[in-house]
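Everything on this sheet refers to the single structure shown next.
The values are calculated or read from the model by the stated rules, or taken from the named source; none is laboratory data. What you see is a predicted model, and the numbers here were worked out from it, not measured in a lab. Neighbour counts are summed over all protein chains in view; Cβ atoms, including those assigned to glycine, are modelled from backbone coordinates with ideal geometry.
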Amino acid sequence: MPDLKMKILVVDDFSTMRRIVKNVLKQLGFENIEEAEDGAQALSKLKLGGFGFMVSDWNMPNMDGLQLLKAVRADAALKDLPILMVTAEAEKTMVVTAIQAGVNNYVVKPFTAEVFKEKMDKIFERLEKK
Amino acid sequence: MPDEMEEIIAEFITESEETLDRIDPLFVELEQKGEDKEMLNQIFRSVHTIKGAAGFLGFQPMVDVAHNAESIMKKLREGEIRMSKQLMDVVLKSVDMLRLLLKHVKQKDGVTENTAPLVSDLKTALENATAAAGTPAAATAAQGIEPVKPAMQTSELRAASSEPASAPLEPQAAEKEALQTLRVDVSKIDKVMDLTGEVVLVRNRLVNIVNKLEHQYTDDHDVQSLLEAVSFLDLITSDMQLGVMKMRMQPIAKVFSKFPRLVRDISGPLGKMVNLKLSGEETEVDKSVIEQIGDPMVHIIRNAVDHGLETPQERRAKGKAEAGTISISAEQKGNQIVIEVSDDGRGVNLDRVKTKALKQGLISEEEAVRMTDEAAMNLILLPGFSTAEVATELSGRGVGMDVVKTNVSKLNGTVEITSHKDKGSTFTIRIPLTLAIIQTLMVRSGTARYAVPLAPVEETLMVSKEDISEMSGTDALVIRGKVYPLFRLTEILGTNQEKTDFKYAVVVNIADKHFCIGVDELLGQEEVVIKSVAGMNSTSSYLLGATITGDGRVVFILDLSALSRVAMGAVTV
């Protein structure tokens, strides 16, 4: 289980969704959470440093989830950032694209805190094994 | 956690409603323009987003409706099916259903809607559209994201992943804009506005006191310094007032965005072709205006489409373009917001208006003859008036126009109609920019002082007994050849029924009705903050509220619209 003090970035253009994800994270014990409305905003925040994890939606204006993912992976300082993608059932086809682009895991909405925790744990387990 | 949930749900409702409001005008544009990938995508994402959050919150009916609408939008976006009126209609129905479902959640009324028929309609519409499109997806594979099986060819994968994603990258400017807005509870802003109002009152007091001190202690150094400081405070307070007022202001686009859809929905059944032109949507108005101006404008627009515009055949016969044009504009002119709704239809038939008003007993024969064209035009705004022989489904019940007048009056505004035969009509709504602070004329009547809103005041006159004439039982003043009914303020307010002498007449013009108010003394102009009086029923009193003047006393602010109704009511018996 990752450090509970870790700074996490939640990215979604719908503030209700950000709130819901934030709520789930808080249920799991994380308190250090920041938000971004789209990929561009997220990237600016990430570049300021200190983030240990990112949860991002896929469909957003300005810069969507996939573009954000690629931009992060292409940045020397950010390339190893663990990223969890939030997706809808119908978007599962995008999952392969996302994995190819370097996403660590995905979770389908609506999800419960338990499911989210499993997905998160999986990411950090794999990272530790490296 | 339950409180948290309540907040999350409240936020979900607000955000979803805003999202739906944003896409409403897009539908109409889409229908006219045909396919537009960006718009389709925006609609898709909006419905998709609402579905996602609704799923989390357990609103299954919403999820069902949104999901099926989303499927249609997805295929439209990818060019797999074509747009058609039926498709548009069913998607619009689902947007309406989502709004309805959101409303039920908001009102916690426990009402459930049967979404099954709509869902089935959505599915059928999609099937039909897909069948009509012929071979699905093959030709559009390059554009769309195809359903993919796990063991995929790498070449296809590469094609899919290199496809530009949903929206084009927008420049830095847009990103910076997103960072600079803040969601603030309206109650917090209102509290600051209230406090600012109090500061304005205190400032007025200080200015008043300092001016007196200046007279008494002209050479005192400290008094001079005090004067300077208060002058500075005066300026800053004005700026602060303006600043806070601006916080509550939003672009009127919020109201205008509903009109394209409105016009579309009305014109169809009436067989009218309408071209809608909007301008000045970026004009900012106070939140209360946004909340209250919508209804009156809807009535005016309905009236324009129903009565104002002729049918395409009639128009062709007159040599006009088949489609009528309705232009709606908003502009800030000095201290007011001016909103205009114009149509190029048949214009107001003044003779019919007068005849109807006569028949309904709203005016006398004599008045009908003497009345000016402008005054006749405004008969339309009287309660109970309507010229439609048969009340059409939309208007003609004589309810619409007086709602316009009432709502606009509530905002301390005025509405005017101008019209030309066969050229069209224009409704002009004028609303003051600030609602809580107004310029007034201070007057004394008897022992009491009152604040008269300055905007409707046309002039003030010194009056002697000889100037007052009597016409059909009421006093009147003849000013430059025109006759104005005259009322003593004490009389209208009911504080003193005696016909006492008075010195000054304040000539007032409310929605084209002129009359004079007799008072004992004119005490100068003052900018006041309107404060409501606890326990006062604002709809049945003659007061807009009260204020504390510069010398610390409480003075009532008169509601001239209400007074005019009483005064003029006394005249037209």
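Considering each of A:Pro61, A:Pro82 in turn, give the residue that is within 19 Å of A:Val108 (Cα to Cα) and surrounded by fewer than 21 Cβ atoms within 10 Å (Cβ to Cβ).
A:Pro82
Please specify each residue of segment B:331-352 satisfying the condition of being of a type outside the set (Val, Ile, Thr) and in contact with a Pro (Cβ under 9 Å, 6 or more places away or on another chain). Steps first, answer last, please.
Kept after step one, since they are of a type outside the set (Val, Ile, Thr), are these residues of segment B:331-352: B:331-336, B:340, B:342-347, B:349-352.
Selection gives B:Asn335, B:Gln336.
In segment B:324-338, how many are under 21 Å from B:Ile437 (Cβ atoms) and surrounded by 23 or more Cβ atoms within 10 Å (Cβ to Cβ)? Break it down into steps so the answer makes sense when it comes.
Within segment B:324-338, the first condition is being under 21 Å from B:Ile437 (Cβ atoms), and the residues that meet it are B:332-338.
If we keep only those that are surrounded by 23 or more Cβ atoms within 10 Å (Cβ to Cβ) too, we end up with B:337.
The total comes to 1.
Taking the residues in segment A:100-123 that are within 14 Å of chain B (Cβ to nearest Cβ), touching a strand residue (DSSP E or B) at 6+ places or on another chain (Cβ under 8 Å) and among the aliphatic types (A, V, I, L, M) as candidates, determine which candidate is farthest from A:Asp3 (Cα to Cα).
Looking at residues that are within 14 Å of chain B (Cβ to nearest Cβ), touching a strand residue (DSSP E or B) at 6+ places or on another chain (Cβ under 8 Å) and among the aliphatic types (A, V, I, L, M), I get A:Val108.
Would you point out which residue out of B:Gly52, B:Gly58 is small (Gly, Ala, Ser), in a loop (DSSP other than H, G, I, E, B) and assigned by TED's automatic domain parsing to the domain that holds B:Pro117?
Values: B:Gly52 fails: in a loop (DSSP other than H, G, I, E, B).
Testing whether each residue is small (Gly, Ala, Ser), in a loop (DSSP other than H, G, I, E, B) and assigned by TED's automatic domain parsing to the domain that holds B:Pro117 leaves just B:Gly58.
So which of B:Arg22, B:Arg82 ends up being outside any helix (DSSP H, G or I) and over 20 Å from B:Thr112 (Cβ atoms)?
B:Arg82
If you check B:Phe515 against the conditions, is it part of a strand (DSSP E or B), assigned by TED's automatic domain parsing to the domain that holds B:Arg370 and not charged (D, E, K, R)? Reasoning before the result, please.
On the way: part of a strand (DSSP E or B): yes; assigned by TED's automatic domain parsing to the domain that holds B:Arg370: no; not charged (D, E, K, R): yes.
Taking the combined requirement at face value, the residue does not satisfy it.
Consider B:Leu227 carefully, then state whether it is more than 30 Å from B:Gly324 (Cα to Cα), modelled with pLDDT under 90 and of a type outside the set (D, E, K, R).
On the way: more than 30 Å from B:Gly324 (Cα to Cα): yes; modelled with pLDDT under 90: yes; of a type outside the set (D, E, K, R): yes.
Yes: the conditions hold for B:Leu227.
Please work out which residue is farthest from B:Lys333 (Cα to Cα), limiting yourself to segment B:413-441 and to residues that are within 15 Å of the chain's Cα centre (by Cα) and surrounded by fewer than 21 Cβ atoms within 10 Å (Cβ to Cβ).
Keep residues of segment B:413-441 that are within 15 Å of the chain's Cα centre (by Cα), which gives B:413-415, B:427-435.
If we keep only those that are surrounded by fewer than 21 Cβ atoms within 10 Å (Cβ to Cβ) too, we end up with B:428, B:430, B:432-435.
Numbers: B:Thr428: 13, B:Arg430: 9, B:Pro432: 10, B:Leu433: 9, B:Thr434: 13, B:Leu435: 16 Å.
If we take residues in segment B:413-441 being within 15 Å of the chain's Cα centre (by Cα) and surrounded by fewer than 21 Cβ atoms within 10 Å (Cβ to Cβ), then B:Leu435 is farthest from B:Lys333 (Cα to Cα).
Among the residues that make up segment A:1-12, is at least one of them surrounded by 23 or more Cβ atoms within 10 Å (Cβ to Cβ), over 17 Å from A:Leu127 (Cβ atoms) and within 11 Å of chain B (Cβ to nearest Cβ)?
yes
Considering only segment B:210-251, state which residues are free of Cβ contacts under 8 Å to residues at least 12 places away in the same chain, within 21 Å of B:Val528 (Cβ to Cβ) and within 40 Å of the chain's Cα centre (by Cα).
B:Ser231, B:Leu235, B:Ile236, B:Ser238, B:Asp239, B:Leu242, B:Gly243
I want to confirm something. Restricting to segment B:542-570 and keeping residues that are surrounded by 14 or more Cβ atoms within 10 Å (Cβ to Cβ) and part of a loop (DSSP other than H, G, I, E, B), which single residue is modelled with the lowest pLDDT?
B:Gly550
Just to be sure I understand, how many residues within segment B:4-17 are more than 9 Å from chain A (Cβ to nearest Cβ) and over 18 Å from B:Val65 (Cα atoms)?
2
Could you list, ordered by first residue, the pairs with Cβ atoms under 8 Å in which the first is in segment B:23-39 and within 20 Å of B:Ser94 (Cβ to Cβ) and the second is hydroxyl-bearing (Ser, Thr, Tyr), at least 6 apart or interchain?
Final answer for the pair search is B:Ile23/B:Ser46; B:Asp24/B:Ser257; B:Pro25/B:Ser257.
So, of the residues in segment A:41-79 that are within 15 Å of A:Met17 (Cβ to Cβ) and outside any loop (DSSP other than H, G, I, E, B), which turns out to be nearest to the other protein chains (Cβ to nearest Cβ)? Walk me through how you get there before you give the answer.
Taking segment A:41-79 and keeping what is within 15 Å of A:Met17 (Cβ to Cβ), we get A:41-42, A:54-61, A:64-65.
Then keep just the ones that are outside any loop (DSSP other than H, G, I, E, B); that gives A:41-42, A:54-57, A:65.
Numbers: A:Gln41: 6, A:Ala42: 10, A:Met54: 17, A:Val55: 13, A:Ser56: 13, A:Asp57: 8, A:Gly65: 8 Å.
Residue satisfying both the conditions and the ranking: A:Gln41.
Identify, by number, the condition in (1) in a loop (DSSP other than H, G, I, E, B); (2) among the small types (Gly, Ala, Ser); (3) over 14 Å from B:Phe12 (Cα atoms) that B:Ser71 doesn't meet.
That leaves (1) as the condition not met.
Which condition from (1) more than 28 Å from B:Arg183 (Cα to Cα); (2) facing chain A (nearest Cβ under 9 Å) is the one that B:Met83 breaks?
The number of the failed condition is (2).
In this structure, does A:Val96 turn out to be within 13 Å of another protein chain (Cβ to nearest Cβ) and in contact (Cβ under 8 Å) with a residue 60 or more places away in the chain?
Working: within 13 Å of another protein chain (Cβ to nearest Cβ): yes; in contact (Cβ under 8 Å) with a residue 60 or more places away in the chain: no.
No; evaluated as a whole, the condition is false for this residue.
For segment B:33-77, give me each residue that is within 12 Å of chain A (Cβ to nearest Cβ), surrounded by fewer than 23 Cβ atoms within 10 Å (Cβ to Cβ) and touching a Ser or Thr at 6+ places or on another chain (Cβ under 6 Å).
Once the filter is applied, which keeps residues that are within 12 Å of chain A (Cβ to nearest Cβ), surrounded by fewer than 23 Cβ atoms within 10 Å (Cβ to Cβ) and touching a Ser or Thr at 6+ places or on another chain (Cβ under 6 Å), segment B:33-77 yields only B:Asn41.
Considering every residue within segment B:245-252, establish whether at least one is assigned to a helix (DSSP H, G or I) and in contact with a strand residue (DSSP E or B) (Cβ under 6 Å, 6 or more places away or on another chain).
Going residue by residue through segment B:245-252, those that are assigned to a helix (DSSP H, G or I) are B:245-247.
Imposing the further condition that a residue be in contact with a strand residue (DSSP E or B) (Cβ under 6 Å, 6 or more places away or on another chain) reduces the set to none.
Within segment B:245-252, none of the residues are assigned to a helix (DSSP H, G or I) and in contact with a strand residue (DSSP E or B) (Cβ under 6 Å, 6 or more places away or on another chain).
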